[in-house]
1. So B:Gly158 fits all but one of (1) surrounded by 14 or more Cβ atoms within 10 Å (Cβ to Cβ); (2) part of a loop (DSSP other than H, G, I, E, B); (3) at pLDDT 75 or above; what number is the exception?
2. Being more than 18 Å from the chain's Cα centre (by Cα), modelled with pLDDT under 90 and more than 22 Å from B:Glu54 (Cβ to Cβ) is the requirement here; does A:Glu136 meet it?
3. Checking B:Asp60 against (1) buried (at least 23 other Cβ atoms within 10 Å of the Cβ); (2) at pLDDT 90 or above, which test does it fail?
4. For the stretch B:184-206, how many residues are at pLDDT 80 or above, open to solvent by 50 Å² or more (accessible area, probe 1.4 Å) and either in a helix (DSSP H, G or I) or out of contact with any helix residue (DSSP H, G or I) (no Cβ under 7 Å at 6 or more places or on another chain) (or both)?
5. So B:Glu209 passes all but one of these: (1) closer than 27 Å to B:Asp18 by Cβ; (2) in a helix (DSSP H, G or I); (3) at pLDDT 70 or above. Which condition number does it fail?
6. What number of residues within the stretch A:51-91 satisfy the criterion of being within 12 Å of chain B (Cβ to nearest Cβ), touching a Phe, Trp or Tyr at 6+ places or on another chain (Cβ under 8 Å) and open to solvent by 10 Å² or more (accessible area, probe 1.4 Å)?
7. So which of B:Gly74, B:Gly13, B:Gly7 is within 14 Å of the chain's Cα centre (by Cα), within 14 Å of chain A (Cβ to nearest Cβ), open to solvent by less than 10 Å² (accessible area, probe 1.4 Å) and closer than 23 Å to B:Ile100 by Cα?
8. Scanning the stretch A:10-28 for residues that are open to solvent by less than 30 Å² (accessible area, probe 1.4 Å) and within 11 Å of the chain's Cα centre (by Cα), which turns out farthest from A:Phe90 (Cα to Cα)?
Amino acid sequence: MYAIVIGCGRAGAEIASRMCEQGHSVVVVDRDRAAFHRLSDSFSGTTIVGHAIDEDCLVSAGIERADAVIATTYGDNSNLIAVQLARKRFNVERAIARVKDSVRASAFAKLGFETIPSTVIVGDAFEQALGWDPPESNGPTENGG
Amino acid sequence: MFVIIAGGGKVGGQLARDLLAERHEVVVMESNPGKARALQDEIGDAVVPHDASEGRWLIDAGIGRADLLIAVTGDDEDNIVICQLGEALSKGRARTITRINNPKNSDTFRALGIETIVNATDLVMTMIERDVSVAPVVHLMRLRSAGLELVEMTVAEGSAADGSTPQDLRLPEQGGRISVILRDGEAVLPSPTTRLQAGDSIVLVAQTEFEEALGRQFAAPTII
């Protein structure tokens, strides 16, 4: 799989490194070159300095032939715009946005976009750790495809 | 009409004043505490000091019964997502309008199927709002369906418009009307005899079918 990871924070660096370990081709995009230090030694992909919603940047990252776009910047809105661009403009098959705001995450999931509601997931994990009843619905929201 | 304005800066604040003066119900959402407080001092309770793209605050502001959501924050991504979120949370009830700050983003956002876009500088937007009070909001949204375009053009040196007046150019007969001239950072309301200069930016309401012909008198037009 050819994947573009947007945002090289802790989450972005983690998923980018994991994907490399699984043998996928990965390009990581971040506005800040210094962010790439978070990538682990197992990262074998390439890095590009650029902005999440800059189409020129996405094209140079190879979005036209990407199988997946993973948007993990700190900004929910940037992530949501990035996945919309990926799906609608570049017909990328999988485009997933990390969205901290649970209301925004579910609203965009209903619109057909894949979202990872990170705050909800962490809340669920804490509940489980505390041994409370697992909630009925959690985890990644519905797939728009 | 119940209107939620996302962004309490220069444009949002002015819009709120105009709408309140017209006795509309208004809520302004502004996440910057200083700006929110200043606006609260002026217009009172109608200010929610939070980020409009944060779902619970948009719900709290009353998006469920809003007729119109206007996103005029300084961030294009925020504006777009606020509009989309507003449409979703109001189940399509609220009409939405937004501003694009960076013209480079217009194509991108149009490609995402977002139609109600006003791409303008603060100055142009403020002028348009002051000029026609509440009406422009509706008009801006309906422009396209009414066969009109709001376009911004720059008078090129040596163009037909350079050194001419709107009267000379017979613009109204040709399906266009200049609503404001931006010259050296100042907005000038034109009269039929105002002389245009190279470098002027013109905001023009044009009948769609004549837009191209009109554009030839100035320069390549940029759709607002």
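1. Every listed condition holds for B:Gly158 apart from (1).
2. Spelling it out, A:Glu136 is indeed more than 18 Å from the chain's Cα centre (by Cα), modelled with pLDDT under 90 and more than 22 Å from B:Glu54 (Cβ to Cβ).
3. (1)
4. Matching residues across the stretch B:184-206 total 3.
5. (1) is the only condition that B:Glu209 fails.
6. The number of residues fulfilling the criteria is 1.
7. Values: B:Gly74 fails: open to solvent by less than 10 Å² (accessible area, probe 1.4 Å); B:Gly13 fails: within 14 Å of chain A (Cβ to nearest Cβ).
From the options B:Gly74, B:Gly13, B:Gly7, the qualifying one is B:Gly7.
8. In this case the residue turns out to be A:Ala13.
The values are calculated or read from the model by the stated rules, or taken from the named source; none is laboratory data. If you're wondering where the values come from, they're calculated on a predicted model, not measured in any experiment. For neighbour counting, all protein chains shown are included, and Cβ atoms are generated from backbone atoms with ideal geometry for every residue, glycine included. All accessible areas refer to the heavy atoms of the entire protein, side chains included, with ligands and DNA or RNA removed. Shrake-Rupley method; radii C 1.70, N 1.55, O 1.52, S 1.80 Å.
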